Amino acid sequence: MDMFLAFLTVITQPQLLLLVGLGTFAGVYIGAIPGLSVTMAVSILISFTFSWEVYPALALMVGIYMGGVYGGSRTAILLNIPGAPSAIATAMDGYPMAQRGEAGTAIGVSTVMSFIGGFIGIGVLALAAPFVSDFALTFQPRDYMLLAILGILLVGSLSSGSLVKGIFAGALGIAIGAVGRDPLTFTERFTFDLQIMEGGISFIAVMIGMFGVSEALLQLHHVDKTAVKQKISRIVPSLGTVKKHLPLSMQTSTIGVIIGALPGTGGDIAALMAYDHAKRVTKNPSRPFGDGAIEGLVAPETANNAAVGGAFIPMMTLGIPGDAVTAIMIGALFIHGLNPGPMLMVDNPNMFWFIVGALVMANFFILLFGLTGIKIFTKIVEMPRSVLIPLILLLSIVGAFAVNNSVTDVYWMLGFGVFGYFMRHYGYPLGPVILGVILSRLLDDNWRRAIISEREDLGRFFSGIFSSPLSTVLLLAVIFIFVSQTPLWRIAKTRLFGRTGSN
Amino acid sequence: MKHFIVGAVSALVLGATTAAAADYPTKEIQGIIQWGAGGSTDTVMRSVTPHAEDVLGGTVVLQNMTGAVGAIALNHVAGAKADGYTLLMGAENPLLYKVMGLGDKDYSEFTPINLLARGTAVLVANVDAPFDDYAGMMKYIAENPGELRLGATGPGGLPSVITAMMESVEGDLDVISVPYDGDGPALTALQGGAIDVMPAVLGAAIESIRGGKMKPLAIMDVEASDKLPDVKPVTEFNDGYSSLLPWGPFFGVFVKNGTPDDVVAKLTEAYAAGAENEDFVSLMDGRGYTIMNMSGDEAQDFLTTWQQNTAWLLQDAGLTKASPEEFGIAKPGE
């Protein structure tokens, strides 16, 4: 009963509900603007809410977090510029839809799917948190490494044209991610003895440049063309559409929760993996993937919002952050005199149920704010390009600077913007570059940790993999996905089943 | 005429500076935190600063500027004006930048405003580890050479210093040192069994110890901590540590050298009040940190001694890139 009351705190105290709503609303817009990140907003809020009680402070933070993860999809769909890393996959089918004048439908679908994904994440948090966090802890360095390899194999599904160009782009991304002082030994890598290279290249700067600036430059080619008129008669997707995609959204939400709960991986990787999963299992997409398939929106949007609930799992049960935002929230709990850690659930179970309640309400607010005000948003894409392009450039510069208050990041961002423009021009996909940057550290650090732990002995390394069911399954998944992308597999499949497979 | 203008201008400038110092702060102060949001430096600075602001009568805008183990933030503040409007909020490790080859600047370019608190290190082990205290661990290492996985956070980090201490007291240890990028990820890995033992600051491990998720082997101090009274100090296992301890990481607020004295005085007063604030003290105490609240010459002496002891300890363990001698860091006791 106590726990039910704690769950309802956020509803019984109107000012808390108001704060969750306010947070969600702000989060949607912070998330939508590239470079203004939830992480930044929440860390500013720590100082801002210092003198508050802990509940109102958390209510605001939870709202911003949930809203921000959803908000990233807005600019991804409308402008092909993901507002946050977790919306990179959303742009791949969302933007083509907007180009057809279906921005309203795309936003409607992504809102409802974010809502569904968010609920699955919260449900798992509420019902199975201790179980999931124990599972997440069993991931060893070698498992993270295998997960990263699995991620790198997504290059195939993120490259629309030539696979060779995709692989080149992915490798470039991994190299960009390795620049700077190596975090394990502090040795300088690819720094050319330049001080600006020492801190590495900000991943957000690369993302904003590659997507934002290069998109603006590309649009300059069509500066005189009139913008596509957006149909906004039908925003809320029909029950039939939702039902049709329910099985897929369940699967991708599961991916989201697990990847979100793993310390060290978050919504960005979850969304990309979910996108790949959708591409693999969907036999007859509404349109080909990359051309505006609804499935290509469903997968990343469910997964990244499910990852929010997932990230709270290790935070609430063990005091271990599931991602950057929950890391800051742990700091906030500490500052408010609570002791985040395994005893929090025991000493202060109401806190857990309060957060679950706040997440549920934030999720409802997403539905509310997501399905209203779309008209104004779609007006953005209908603006003349001569207004829109400078606006995109301005947002990109502000965003790149705001990440770390560093002008260097702005230079990087502009440099990668021009580079990205030429890459697009010559048919090199940009998705794999970002994928490479995201996975670079995960792969590199964990491979080294794994092999160092085994005294740099490959034999011991492999016997370690085969002695753990989790590692074995991950290794088999890597092998399966790799082989299934080779011509050999297609030949074998034709021989065995007597017909050509769908991939 | 020319002289008059120069005189007038300098008088104006001087007048302006004195005026600025007298009613400092007249604008927002930037507080640059060397480490990421949510980390221990971040939480300490965000908990003390609002109390200091009350005394200061101004706003300190806190910003995290991460990268290159804090060197980016340090260089940023060193490059700003010495007017007291840019504060550096950091931990102990810049004192090791020079010997570790991570940069050519350290706290000698800065004036300490307040050294707020100091942490105590503790050795923690995975709950399933086949030993329960420090002696058991040493026995296990001797019987199973090259099997124990010891967590690390890179050269110059707390684990590397504690490991150097252990090697200087116990002789070479045949263990595998597995590097992580911070004590948070390493302690997570410890709970998952990827590493067996981790030297960590008590504040980062205390809640997991209370929750039974990891077991303490020894407090790396000369006396037991009142937070964990049942855990023996390491000096009870081997007295050789008593010459090296107490040692611990610390958190401090700094301004660039050359900042006007009255600005330094005002900041010192403000942060001293912050460090004495009841809420802050109980917050730090609950996490196992010891309040230092040191400023002025006392703080300067502390920094010098800390740097000498630690740099030479690492030098003797063969972990440094350059000898402390090259930077004029005297050997302790000389």
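Since every read-out is calculated from the coordinates, none of them should be taken as a lab result. Every value quoted in this text rests on a predicted model; they were computed, and no experiment measured them. Here the Cβ positions follow ideal geometry from the backbone for every residue, glycine too, while neighbour counts run over all protein chains shown.
Placing dummy labels 7 Å off each Cα toward the beta-carbon, the span from A:ASP224 to A:LEU458 is 6.1 nm. Counted as membrane-span-like here are DSSP H helices of chain B whose alpha-carbon atoms extend 20 Å or more along the helix's own axis and whose Kyte-Doolittle mean is 0.5 or above; these are B:2-22. Within a straight-line Cα-Cα reach of under 13 Å, A:LYS225 can be paired with the following aspartates and glutamates, leaving aside sequence neighbours fewer than 8 residues apart in one chain: A:GLU382. The phi torsions of region A:147-155, fed into the Karplus equation with coefficients 6.51, -1.76 and 1.60 and a -60° offset, translate into couplings of 4, 5, 5, 4, x, 5, 5, 6, 3 Hz, rounded to whole numbers, with Gly and Pro shown as x. Karplus-based coupling profile of region A:471-477, in residue order and whole Hz: 5, 4, 4, 4, 4, 4, 5, with θ = phi - 60° in 6.51 cos²θ - 1.76 cosθ + 1.60 and x standing for Gly or Pro. Expressed to the nearest 5 percent, the antiparallel share of DSSP beta bridges inside the protein assembly as shown is 65 percent.
Distance from the Cα centroid of region A:208-251 to that of region A:108-127 is 21 Å (rounded to whole angstrom).
Helical runs (DSSP H, four residues minimum) scored at -39500 (n - 2.57) apiece and divided by the length of the protein assembly as shown put the mean residue ellipticity at 222 nm at -19500 deg cm²/dmol. Label separation (A:LEU22 vs B:THR304): 5.1 nm, computed from points 7 Å beyond Cα along the C-beta direction.
For the listed peptides B:251-260, A:385-394, a ranking on the average number of other beta carbons within 10 Å per residue, highest first, reads B:251-260, A:385-394. For B:GLU147 and B:ALA135, the difference between the fully extended length at 0.36 nm per residue and the C-alpha to C-alpha distance is 2.7 nm.
Using a Förster distance of 41 Å, how high is the FRET efficiency between A:PHE131 and A:GLN195, based on the Cβ-Cβ distance and rounded to 0.05?
Details: r = 47 Å, r/R0 = 1.16.
Computed FRET efficiency for A:PHE131 and A:GLN195 comes out at 0.30.
Taking θ as phi - 60° and the Karplus parameters 6.51, -1.76 and 1.60, the scalar couplings of region B:30-36 work out to 8, x, 9, 8, 6, 10, x Hz in sequence order, x denoting glycine and proline. Region B:159-233 and region A:352-374 have Cα centres separated by 41 Å. Using the average count of surrounding beta-carbon atoms within 10 Å as a protection proxy, the listed peptides A:472-479, B:30-37 rank, highest first, as B:30-37, A:472-479.
If you rank B:THR41, A:THR191, A:THR226, A:THR302 by fewest surrounding Cβ atoms within 10 Å, what's the result? All intermediate terms of the calculation are to be shown ahead of the outcome.
Working: B:THR41 21, A:THR191 17, A:THR226 9, A:THR302 35.
Lowest count first: A:THR226, A:THR191, B:THR41, A:THR302.
Subtracting the Cα-Cα distance of A:THR372 and A:SER484 from their residue separation scaled by 0.36 nm leaves 36.0 nm. Applying a threshold of 20 Å to the alpha-carbon distances of A:LYS229/A:LYS375; A:LYS244/A:LYS493; B:LYS256/B:LYS331; A:LYS279/A:LYS375; A:LYS244/A:LYS379 flags A:LYS244/A:LYS493; B:LYS256/B:LYS331; A:LYS279/A:LYS375; A:LYS244/A:LYS379 as lying beyond it.
Extending 7 Å from the Cα toward the beta-carbon at both A:VAL398 and B:VAL61 defines two label points whose distance is 1.4 nm.
Taking amide H as placed 1.01 Å from N in the peptide plane, A:GLY341 has its amide H under 5 Å from the amide H of A:GLY319, each at least 5 places away in sequence or on another chain. The peptide list B:138-145, A:164-171, A:85-92, B:197-204, put in order of mean Cβ contacts within 10 Å with the highest first, becomes A:85-92, B:197-204, A:164-171, B:138-145.
Taking Cβ atoms as reference points and 11 Å as the exclusive limit, the residues near A:ALA332 contribute a net charge of 0, counting Lys and Arg as +1 and Asp and Glu as -1.
Looking at region B:121-243, the DSSP beta bridges with both ends there are about 65 percent antiparallel. Annotation: amide H of B:LEU87 within the under-5 Å range of B:GLN30, B:GLY31, B:ILE32, sequence separation 5 or more or interchain, hydrogens built in the peptide plane. Backbone amide hydrogens, once placed in the peptide plane, bring B:ILE113 within less than 5 Å of B:VAL253, B:PHE254, B:VAL255, excluding anything fewer than 5 places away on its chain.
Assign unit charges at the C-beta atoms only (+1 for Lys and Arg, -1 for Asp and Glu), then state the dipole size of chain A relative to its Cα centre in Debye, rounded to the nearest 20.
Numbers: 29 positive and 26 negative charges, 382 e Å.
Dipole of chain A, to the nearest 20 debye: 1840 debye.
Extension gain, A:ILE44 to A:LYS493, is 156.1 nm, computed as 0.36 nm per intervening residue step minus the present C-alpha separation.
Debye-formula intensities of region A:351-503, expressed as log10 I(q)/I(0) at q = 0.09, 0.10, 0.13 Å⁻¹, are -0.71, -0.87, -1.15 (one equal scatterer per alpha-carbon, no solvent). Excluding same-chain neighbours fewer than eight residues apart, the aspartates and glutamates reachable from B:LYS81 by a Cα-Cα span under 18 Å are B:ASP23, B:GLU28, B:ASP106, B:GLU109, B:ASP261, B:ASP262.
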